[in-house]
Amino acid sequence: MRLYIEHIEVAEDEPIVLAGDHTGWARPFAKRLRERTYEHQANGGGLHGPVTVGQGYSTLAGVPEAEGSWALPLRHERITSWESPISKAVWQLKQVCKYLPKRPLSLWDGEYGCASFVLKSADIAADKLMRLRANRNLWGAPPTYGGRGRPRVHGEKVNARLIHKHQVLRGYVSDLLPILDSGLSHP
């Protein structure tokens, strides 16, 4: 890993980009394989539906080029039966960030767009950009206490499916129009 990190060349004004993900390798017929766990497959493929028996692997890779399709795997490890994909990813990010010359930008799939990952990785010196699922609800800060009843815990609720493109864009992020028009349902 340290040797690979030494060969990552990035301009001073650009961040080091890392990408992390979890992959389930289906092994339904390997009855003697130790520590098989239930793995979810996003495409729901295979003979056994969206959940299969196998082993999970977590990968944290450096993405040194803005163009191209290759990535440099810095950590690729099996997730044991007593670990979760989130705890393994946090550990891998912590290990890699120790040896990086500057603060990286880490990219994560929708599995990591949750409070558990954010809280466990809060002390790691890395910027994190996570994809949120369309059914994920976010809440703003609660309003100030009005003096009667229980204080509110959450503020305004925001749901990605219910956001109208004009509420999100506000005129300065026009690059998102094709994404919003194709992926989100509007009221």
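The numbers here are math on the coordinates, done by the rules we state, and not lab data. Bear in mind that the values here come from a model prediction, so they are computed numbers and not experimental data. Cβ: placed from backbone, ideal geometry, glycine included. Neighbour counts: every protein chain shown.
Bridges between two residues of region 1-133, per DSSP, are antiparallel at a rate of about 70%. Sorting the segments 140-153, 72-85 by their residues' average number of neighbouring beta-carbon atoms within 10 angstrom, most packed first, yields 72-85, 140-153.
The modelled label-to-label distance between Thr144 and Leu3, using points 7 Å beyond Cα along the C-beta direction, is 6.1 nm. At full extension, Thr80 and Asn159 could sit 25.0 nm farther apart than now, given 0.36 nm per residue minus the alpha carbon distance.
With an a/c value of 1.5 or above and a/b larger than b/c for the gyration tensor axes a ≥ b ≥ c computed over the alpha-carbon atoms, region 2-131 is described as prolate.
A dipole drawn for region 2-131 from +1 and -1 charges on Cβ atoms has a positive end, and of Ile16, Ser58, Pro104 the residue lying farthest that way is Ser58.
Charge tally for Val53 (other residues, Cβ to Cβ under 15 Å; Lys, Arg +1; Asp, Glu -1): +4.
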